[in-house]
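Take a look at the structure below.
The values are calculated or read from the model by the stated rules, or taken from the named source; none is laboratory data. These numbers were taken from a predicted model, which means no experiment stands behind them. We place every Cβ from the backbone using ideal geometry, glycine too, and count neighbours over all the protein chains shown.
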Amino acid sequence: MKRRSFLSWGAAGFGSLCAGVGVSLAAVLRFLTPSVFYEPPQSFKIGDPADFPYGPPTFLADEKIYIFRDREKGFAAASAVCTHLGCTVKFFQTDHHFHCPCHGSIYASDGKVLHGPAPKPLQWFEITLTRDGQLRVNKDRPVAAGYRLMVKA
Ligand code: FES
């Protein structure tokens, strides 16, 4: 084997070795880096109290919640996520019930299950008033169905 040929094969081998080490290091770094799934914030402002009408609940599609506003009782926030398999329930003004389009569960207006297969009632979330006068819903803080926030209009 000629000297030039030997050196070129050596350089190619060294290059392959460096590439292999680089790929291995990248794999080790990827393994050591935690895989994080970023969720949207669970506590968020939904707007001014005056933005929400009395009567039928307001559906906030992005947050999948219903906001109830009642003159005597105040504000409440209900989850629109069916407790069976997570479909979005729809509130019907005609019977004041939540209906799940996926498998037919029906919930009363207070979230109790009237008809399965839903195993649990709808969740209710804490709703508060921020210093700047906005309503804030915190999905990390479930509350009883009777929880209400009174806001002076
Ligand atoms: S997901 Fe609602 S009834 Fe199945």
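So here's what we get for this one:
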{"quantity": "Selection count where residues are away from the ligand (no atom under 16 Å from the Cβ) and within 16 Å of Gly146 (Cα to Cα), scope segment 66-95", "calculated": "11"}
{"quantity": "Output for segment 99-119, where each listed residue is outside any loop (DSSP other than H, G, I, E, B), crowded, with 16+ Cβ neighbours inside 10 Å and either of a type in the set (Asp, Glu) or touching a Ser or Thr at 6+ places or on another chain (Cβ under 7 Å) (or both)", "calculated": "Val113"}
{"quantity": "Some residue of segment 120-129 being part of a loop (DSSP other than H, G, I, E, B), out of contact with any Gly (no Cβ under 6 Å at 6 or more places or on another chain), surrounded by fewer than 18 Cβ atoms within 10 Å (Cβ to Cβ) and modelled with pLDDT of 90 or more", "calculated": "yes"}
{"quantity": "Residues that are touching a Phe, Trp or Tyr at 6+ places or on another chain (Cβ under 9 Å) and under 17 Å from Leu85 (Cβ atoms), drawn from segment 112-150", "calculated": "Val113, His115, Ala118, Pro121, Leu122"}
{"quantity": "Scan of segment 62-97 for residues that are farther than 17 Å from Ser109 by Cβ, touching a residue at least 24 places away in the same chain (Cβ under 8 Å) and surrounded by fewer than 17 Cβ atoms within 10 Å (Cβ to Cβ), ordered by number", "calculated": "Lys64"}
{"quantity": "Selection from segment 69-87 of residues that are over 15 Å from Gly116 (Cα atoms) and of a type outside the set (D, E, K, R)", "calculated": "Gly74, Phe75, Ala76, Ala77, Ala78, Ser79, Ala80"}
{"quantity": "Some residue of segment 18-39 being surrounded by fewer than 12 Cβ atoms within 10 Å (Cβ to Cβ) and at positive phi", "calculated": "no"}
{"quantity": "Where a residue in segment 105-120 is not assigned by TED's automatic domain parsing to the domain that holds Ala80 and its partner, wherever it lies, is within 10 Å of the ligand (Cβ to nearest atom), with Cβ under 8 Å and at least six apart", "calculated": "none"}
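Here's the yes/no breakdown for (1) β-branched (Val, Ile, Thr); (2) within 16 Å of the ligand (Cβ to nearest atom):
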{"site": "Gly22", "(1), (2)": "no, no"}
{"site": "Leu29", "(1), (2)": "no, no"}
{"site": "Leu32", "(1), (2)": "no, no"}
{"site": "Glu39", "(1), (2)": "no, no"}
{"site": "Ser43", "(1), (2)": "no, no"}
{"site": "Pro56", "(1), (2)": "no, no"}
{"site": "Cys100", "(1), (2)": "no, yes"}
{"site": "Ile106", "(1), (2)": "yes, yes"}
